[in-house]
Amino acid sequence: MNTYINLFIIVAKTAILVLGGSITYYALRAYGRTGNPSLRALGIGFGVVTFGALIGGVSHQIIGSTLAVGIAINSLLTAIGFGVIVYSLSME
């Protein structure tokens, strides 16, 4: 049973890495084209969220920390990333 949970976590984290990385790439590419600082902040925010998922998964799957530690790391970086995203959307 634990093997299926680990496999599910790996698949989900890989999907988050690919999709979040894509959003980050396109937001930063749009910033490069337009110079709009809100797009830069948006890209950074999504990058932090994606990085949090990656680090949370790595800490559990590779380093061997508990699932709770991985979730805590992921949650903290997700909250910070969402804060940056909210900031980017409120910029004028």
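The values are calculated or read from the model by the stated rules, or taken from the named source; none is laboratory data. Everything quoted here is computed from the prediction, not taken from an experiment. With ideal geometry, Cβ positions are generated from the backbone for all residues, glycine too; neighbour counts draw on all protein chains shown. We work out accessible area using only protein heavy atoms, side chains counted, and drop any ligands, DNA or RNA first. Shrake-Rupley method; radii C 1.70, N 1.55, O 1.52, S 1.80 Å.
Averaged over residues, the count of other Cβ atoms within 10 Å places the peptides 72-78, 32-38 in the sequence 72-78, 32-38, highest first. Can you tell me, using C-alpha contacts under 8 Å and at least 6 residues apart, the relative contact order of the chain as a whole percent? It rounds to 30 percent for the chain. Labels on offer are [x] -0.35, -0.53; [y] -0.68, -0.77; [z] -0.52, -0.63, and the one holding log10 I(q)/I(0) by the Debye sum over Cα atoms at q = 0.11, 0.14 Å⁻¹ computed from this structure is [x]. Computed from Cα atoms, the angle from the helix 67-90 axis to the main principal axis of the chain rounds to 10 degrees.
In square angstrom, what is the accessible area per residue of the chain with a 1.4 angstrom probe?
Value returned for the chain: 65 Å² of accessible area per residue.
Helix 37-58 axis versus longest C-alpha principal axis of the chain: approximately 10°, rounded to the nearest ten.
As a fraction of the 1.4 Å probe accessible area of the chain, surface on carbon and sulfur atoms comes out at 75 percent. Inter-part distance, segment 55-92 to segment 1-43, computed on C-alpha centroids, equals 12 Å.
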